[in-house]
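Accompanying notes for the structure given below.
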Amino acid sequence: MLRFEHSAFGYSEVFFRIPEMDLIPGKLYTLIGQNGIGKTTFFNTLCRFIPLKEGRVWIAAEDISQIKAIAQKIAFVPSKFEGIQHLKAYDYIALGRMPHTNFLGTLHEKDHELVKEAIRLLKIEHLAQKDTSLLSDGERQICSIARALVQETPVILLDEPSAFLDYRNKLKILELLREIAREKQCCIIQSSHDLDLSIEFSDAFLIVNPEEKLLFLHQSHEISRKEILEQAFGLFGNR
Amino acid sequence: MCLKYFFSFSCALLVLFSCNTQQKSTEKIDYGTKYAKNFNIIEQNGYTEIVILNPDTKVVEKRYALVSKNNPRLDKELVQIQIPAPSIIALGGTDIGMLDMIGLADKIKGVGNMKYIHSPVVKKGYKAGKVAEVPDFSQMNPERVVAVSKLISYSGFGTPPANEDKLAKLGVICIPNYDWREIHPLGKAEWIKLFGLLFGKEKEAQAYFSKIEKEYLALEKSGAKLTQKPTVISGQMIGDQWFMPGADSYNAYLFDKAKCDYVGKEKKGTGSYAYTLEEVIRNYQDAGIWVNPGFKSKAEMLLSNEKYKYFKAFESGEIYCYSHNINYFWERSAIEPQKVLSDLVQIFHAGEISPKKLYFYKKISE
Amino acid sequence: MSKSYRLIILVLFLVLACIIFLHLNNGRWENSFSEFFAAIFNFNPEDQSQLILREIRFPRTVIAVLAGASLALSGLLLQTFLNNPLAGPSVLGITSGSSLFVALSLLSGIGFFTTEIGVTFSALLGALSFSLLILFFSYFIKSQVSLLLVGMMLGAFTSALVQVLQLTSHANQLKAFTLWSFGSLQQVTFAQLGFIFLLFLVGTTALVWIIKPLNMLVLGEKNAQVLGLNVKAVRILVILLSSLFAGVITAFCGPISFIGLAVPNITKMLFKTQSHGVLILGCLLLGALVLLLCDLLIIYLEPVIAVPLNGITSLIGAPVVVWIILKKF
């Protein structure tokens, strides 16, 4: 689904490289790495805010630098959505359909169906007609995920989606992400510092090793908490 | 209390002297004033006092004692001016005209802005470096003013000018000139007496005033015999409003004497009244003559407001103004009221009387 | 569009129609439709009341509608684009830009620049260049309040420059400029209306292409980009359009303050939506309505006291702004 070939990420200097890696649909990946290692740069590169330093990245069989409408391939969820006055949750989620609409942004029957389906899937029917500025952080995060969902992209990126949430909501979000990956057969990458919860829910880890400046892929069942800490932060876990 | 006292005192004097002066011969100085309402000349023991009244409140604004040398026993309220004054800074345009008329223009050492000066004497003096440009009171540097002259005349505006205290400490005396607030055309001209007194030329001033008084009154008299009464609009739109003189104003006074039907006559008062364009069009679109629009040409008028074209006077071109020589008008119209009246009579009654040349006015060009 | 929006828009439209008619009648109910029809389409220059309707009242009413709508739309575009409820053509210094350029052209006395087209051109150029300046600053200044402060500084800077210009200019030019700066709906002529309406039509037509981008920009530039928006192109279009709307009106009516700031906020409160199709329609109607009401107030006050247009709009606009600040910051 998402294939990296000798790719390097960074601005003027390279933060880290991915020699070769394949990510497959239906999985939830968690990106782990210390602060400043370039996780956000990685996401920004995939969203094409900044160019790839070196190498190539493919989505299915397309080079991402060649893709015309990247928004139809990659959805991105920021770590926090503050909510906007007078913007209803339903309308917010429906904005995810914009990459698929005409120049007027007309929503057709099919688009509304997709929005309603996402709302059902995430069980937020009660929020749909509420003003996003009045929702809680957790509720807003779920709406953002719904928005990414209706975007119908094979890849969804989430920048620390649970950073601002309480334990219960963190749990809920991770559960949802795994469910979406399975159900929609898309490839989800979230960055996170919530190691313990992520181990429970993600299928695999993308770990940035600060010394070698390389990103390694590990299936969850292959790696322990201690090993993750060691690789990502040069620390030994104390369990 | 103090002000009240002065007020009643000066009123009493005003009445007293204006009665007394009627019969005096023109050879001597007329103390008191005949037409002017905003200042008075009083003969005191050993000096002449000039009282200037606030035109709105009629309260005494300034008292000056014209003395030959400083008199320490005089009332502190009196500002002492040693006459004849050696020089003056004339900030008001009419001040320059008046000084010019009695051969005192060479005493002018400072003016407001050379752009607005007509007087050839002043212009020559400026070129020779004998006349300086002095900025407005708010921008004035007292130190530099002292170097120019210790006497300033300016068009009064009801409140003391900025920096007056500082100027006073340096010995500079400021005299407000309210001729522009006089209603009677001769009242404006009468202020020439004040300037005459300042420079010891009171006799010349008196003689000049008597001469124009006679000419003006003769014109008024012949004007009363005119039969036609054309409708006249005056002034221009300023922003969204059209200002026309009220019935008791200076302009209305002249319009009356020149025999015409003018817009604004139904509104009492000495000020101007604002009309909307709609009102003016509705009531006076057909007025045959338009005076004082403040433009030199019809093209200029249209550029300022295209809607002027709907007026009959605009179509026929019967528009008269002094704008072609505006500095001349501002300097001289107050001191030569007979010429202003003569012009207006000519304009309003061109067919009725024998043609004479216009002094200030001119039909505006295309 | 949902039913409730349609209802509000219908009501606004009807109220606007009534106010337009009242305004055309100079605040009373006197002339009939047929008289207006005759004045516009079957004009008889000899008939004085037709002349008054056609040349004095009609242009004033039409320009009130166009100016109110244009300024409100300009404000809406800027507010959404900069994600800032306090943005507006006058706050950000865009009208100051127009003022400066108009001052330069009026006071320069150079032939072309003192003509109508010249002044319009200058106002547009001023609006555009100051918009670009604000845009330039917005790259470096992330804080909303700071950007507004920069706008105000631009305004202060310009008014200082204008003052210097005024000191060195001739009395007549000075008067023309000072009066222009008060703002007025009465200076436009019947003949100019066509030109202004054409530009307005161009602007509003272009708005169709910007509805979707604005809806996405509500989420901020980055999120809009993630949703596939070509932010660079939209940025240019927004700046062009808001400058067009504000610049044309500023050229013909002078800098009218607060409409561009207050009306979009009132519209959002009224419709409670971020759907810009609805908001654009709402701003169009409400902008026209608010400015007509302000001008109607001037008409009613005329016999008592002459208030410049900017005085009225500020009197009404300033409290609205304070209210927004209390609510949002």
- Looking at the stretch A:31-63, which of the residues that are within 14 Å of another protein chain (Cβ to nearest Cβ) and free of Cβ contacts under 8 Å to residues at least 24 places away in the same chain is surrounded by the most Cβ atoms within 10 Å (Cβ to Cβ)? A:ASN44
- Among the residues of the stretch A:64-115, write down those that are out of contact with any Lys or Arg (no Cβ under 8 Å at 6 or more places or on another chain), in contact (Cβ under 8 Å) with a residue 40 or more places away in the chain and β-branched (Val, Ile, Thr). A:ILE74, A:ILE84
- Query: Can we say B:ALA334 is surrounded by 17 or more Cβ atoms within 10 Å (Cβ to Cβ) and either small (Gly, Ala, Ser) or not assigned by TED's automatic domain parsing to the domain that holds B:ASP240 (or both)?
  - Reply: yes
- Which one is nearest to C:ILE210 (Cα to Cα) among residues in the stretch C:265-289 that are facing another protein chain (nearest Cβ under 9 Å) and out of contact with any Pro (no Cβ under 9 Å at 6 or more places or on another chain)? C:GLY277
- Task: Exactly one condition in (1) within 26 Å of A:PRO210 (Cβ to Cβ); (2) surrounded by fewer than 18 Cβ atoms within 10 Å (Cβ to Cβ) is not met by A:PHE15; state its number.
- Result: (2)
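Picking from C:LEU100, C:LEU77, which residue would you name as being in a helix (DSSP H, G or I) and more than 13 Å from the chain's Cα centre (by Cα)?
Details: C:LEU77 fails: more than 13 Å from the chain's Cα centre (by Cα).
Of the residues listed, the single one that is in a helix (DSSP H, G or I) and more than 13 Å from the chain's Cα centre (by Cα) is C:LEU100.
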- Task: Find all pairs meeting these conditions: Cβ atoms under 7 angstrom apart; at least six residues apart or on different chains; first residue within the stretch C:201-215 and facing another protein chain (nearest Cβ under 7 Å); second residue of a type in the set (Ser, Thr, Tyr).
- Result: C:ASN215/C:SER275
- Query: If B:HIS118 satisfies every condition in (1) within 18 Å of the chain's Cα centre (by Cα); (2) not in a loop (DSSP other than H, G, I, E, B) but one, which is the exception?
  - Reply: (2)
- If C:PHE190 satisfies every condition in (1) out of contact with any Lys or Arg (no Cβ under 8 Å at 6 or more places or on another chain); (2) farther than 23 Å from C:SER96 by Cα; (3) hydrophobic (A, V, I, L, M, F, W, C) but one, which is the exception? (1)
- Message: Looking at A:ILE124, A:ILE84 in this structure, which one is among the β-branched types (Val, Ile, Thr), facing chain C (nearest Cβ under 9 Å) and over 28 Å from A:MET1 (Cα atoms)?
- Response: A:ILE84
- Across the stretch C:216-228, which residue is surrounded by the fewest Cβ atoms within 10 Å (Cβ to Cβ) among those that are more than 8 Å from chain A (Cβ to nearest Cβ) and not small (Gly, Ala, Ser)? C:GLU221
- Of the residues in the stretch B:73-100, those that are touching a helix residue (DSSP H, G or I) at 6+ places or on another chain (Cβ under 6 Å) and part of a helix (DSSP H, G or I) come to B:GLY93, B:THR94, B:ILE96, B:GLY97, B:MET98, B:LEU99
- Note on the structure: Considering residues that are more than 12 Å from every other protein chain (Cβ to nearest Cβ), of a type in the set (Val, Ile, Thr) and either in a helix (DSSP H, G or I) or out of contact with any Gly (no Cβ under 6 Å at 6 or more places or on another chain) (or both), the number found within the stretch B:303-335 is 1
- Item | Complete set of residues in the stretch A:64-80 that are crowded, with 17+ Cβ neighbours inside 10 Å, facing chain C (nearest Cβ under 8 Å) and not in a strand (DSSP E or B) | A:ILE70, A:ALA71, A:PRO78
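Yes/no per residue for (1) loosely packed, with under 15 Cβ neighbours inside 10 Å; (2) under 16 Å from B:ASP179 (Cβ atoms); (3) in the same structural domain as B:LEU197 (by TED's automatic domain parsing):
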{"residue": "B:ASP56", "(1), (2), (3)": "yes, yes, yes"}
{"residue": "B:ASN70", "(1), (2), (3)": "yes, no, yes"}
{"residue": "B:GLU77", "(1), (2), (3)": "yes, no, yes"}
{"residue": "B:PRO86", "(1), (2), (3)": "yes, no, yes"}
{"residue": "B:THR94", "(1), (2), (3)": "no, yes, yes"}
{"residue": "B:ALA105", "(1), (2), (3)": "no, no, yes"}
{"residue": "B:ILE108", "(1), (2), (3)": "no, no, yes"}
{"residue": "B:LYS127", "(1), (2), (3)": "yes, no, yes"}
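The values are calculated or read from the model by the stated rules, or taken from the named source; none is laboratory data. This structure is a prediction, so every number in the text was calculated from the model and none was measured. All Cβ positions, glycine included, derive from the backbone under ideal geometry; neighbour counts span all protein chains shown.
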